[in-house]
Amino acid sequence: MRLRCWMLATGLALAVTTAAAQGMAPEVPTQVRTVATGGEWLSPKGGGVLRVVIADEGFEHVHSRLWIEWLTIGERGTPRRTARVLVKELSNGMAVLRLDDRGEAFQGSKIRLRSTHTYSQDTTDITIETGKPGHYRIL
């Protein structure tokens with residue numbers, strides 16, 4: 001039994017290490033609050049649309065995590081994810097994120113968000129500029 005548990009733990013550790021080595025973003029948790037698609041991305045190899053996934057975490061002091069996904073549209077019209085990144089700069093556990101509610105969430109390659117600090121309730125507007133799949137910068 002101990003050998004079986006050890007083999008299972010070793011296999012799981014190897015799978016996690018392999019995923020990290022391949023540069024894969026952490027999987028999105030099940031507490032997703034917002035999924036929105038819009039905007040566009042272009043690169044020399046192609047283009048597509050952007051998708052934003054916001055998941056809330058925590059109990060007493062809820063905070064958000066943000067993923068950006070780059071999608072291409074296949075021949076049959078089905079979207080295919082080209083890349084996914086966790087926006088680490090906004091996943092510090094201190095803010096709740098929402099898409100800009102003024103109808104300006106996506107503008108070309110830019111994504112507009114509103115952040116509300118968990119404790120002080122101060123709000124901040126955030127703009128993220130996306131580039132080729134997997135690349136972004138906060139303006």
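Overview of results
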| item | result |
| --- | --- |
| Spans of strands (runs of 3 or more DSSP E) in the stretch 73-134 with at least 1 residues open to solvent by 40 Å² or more (accessible area, probe 1.4 Å) and either hydroxyl-bearing (Ser, Thr, Tyr) or farther than 18 Å from residue 56 by Cα (or both) | 79-86, 110-117, 123-130 |
| Single condition residue 89 does not satisfy, out of (1) within 20 Å of residue 28 (Cα to Cα); (2) among the charged types (D, E, K, R); (3) modelled with pLDDT of 90 or more | (3) |
| Number of the exception - residue 25 against (1) under 30 Å from residue 123 (Cα atoms); (2) surrounded by 13 or more Cβ atoms within 10 Å (Cβ to Cβ); (3) modelled with pLDDT of 70 or more; (4) hydrophobic (A, V, I, L, M, F, W, C) | (3) |
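The values are calculated or read from the model by the stated rules, or taken from the named source; none is laboratory data. From a predicted model like this one, the values you see are computed outputs, not experimental measurements. As a convention, Cβ positions derive from the backbone with ideal geometry for all residues, glycine included, and neighbour counts pool all protein chains shown. The accessibility values were calculated without ligands, DNA or RNA, using every heavy atom of the protein model including side chains. Shrake-Rupley method; radii C 1.70, N 1.55, O 1.52, S 1.80 Å.
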